[in-house]
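A.B. asks: Okay, handing you the structure first.
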Amino acid sequence: MISWGLTFFLRFPFSPLFSALFTALSASFRSRAALQLEILALRHQVGVLQRSVKRPKFTPADRLLWAWLCEVWNDWHSSVFLVRPATVIGWHRKGFRLFWTGKIRRGQPGRPAVPKDIRTLIRTLSRENPLWGAPRIHSELLKLGIDIGETSVSKYMIRCRRRNCQDWRH
């Protein structure tokens, strides 16, 4: 009879009260920084709900905040109620990709341009040595200290014209 009365109190009317008391008791053992981050996360979610009409709508700034919280706070999973943790991790990954994409694209996109004197040297070598292919010219340029890729060498080589003849002598 006593156990039935205890489960009755834990089941319906007082379960939010016990949950709040347990949370408050466990919060006294956490660090101040963790509590401040949890308060920030919960207040942010309340703000998102207040500005949304039907469904919570997250702005890029909201996504950035959650990606940052995911990075600096270990126990962020326990405070996310509006979205799934997998969604927050996806936002974090997308931000990481955008960061590195922007960092790479600030310079010149693509392969660096080959200087004109090296291009003329490649053409001269291929014209004077028609039997040399791109690997041989590439190795000769490496011996001279010119660091260039073999595909770039083949791109700038002069192609020798073959006659369109069916004769075996040509």
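The values are calculated or read from the model by the stated rules, or taken from the named source; none is laboratory data. If you're wondering where the values come from, they're calculated on a predicted model, not measured in any experiment. Positions of Cβ are backbone-derived with ideal geometry, glycine not excepted, and every protein chain shown enters the neighbour counts.
A.B. asks: Which residues, taken from the range 122-148, are assigned to a helix (DSSP H, G or I) and acidic (Asp, Glu)? If you could, list the steps in order and put the result at the bottom.
C.D. replies: First pass over the range 122-148, keeping only residues assigned to a helix (DSSP H, G or I): 122-128, 134-143.
Of everything in the range 122-148, those that are assigned to a helix (DSSP H, G or I) and acidic (Asp, Glu) turn out to be 128, 140.
A.B. asks: Counting only residues that are surrounded by fewer than 16 Cβ atoms within 10 Å (Cβ to Cβ) and aliphatic (A, V, I, L, M), how many does the range 49-81 have?
C.D. replies: Here the count works out to 5.
A.B. asks: Select, from 58, 96, the only residue that is in the same structural domain as residue 44 (by TED's automatic domain parsing), outside any loop (DSSP other than H, G, I, E, B) and modelled with pLDDT of 80 or more.
C.D. replies: Numbers: 58 fails: outside any loop (DSSP other than H, G, I, E, B).
Going through 58, 96 in turn, the sole match is 96.
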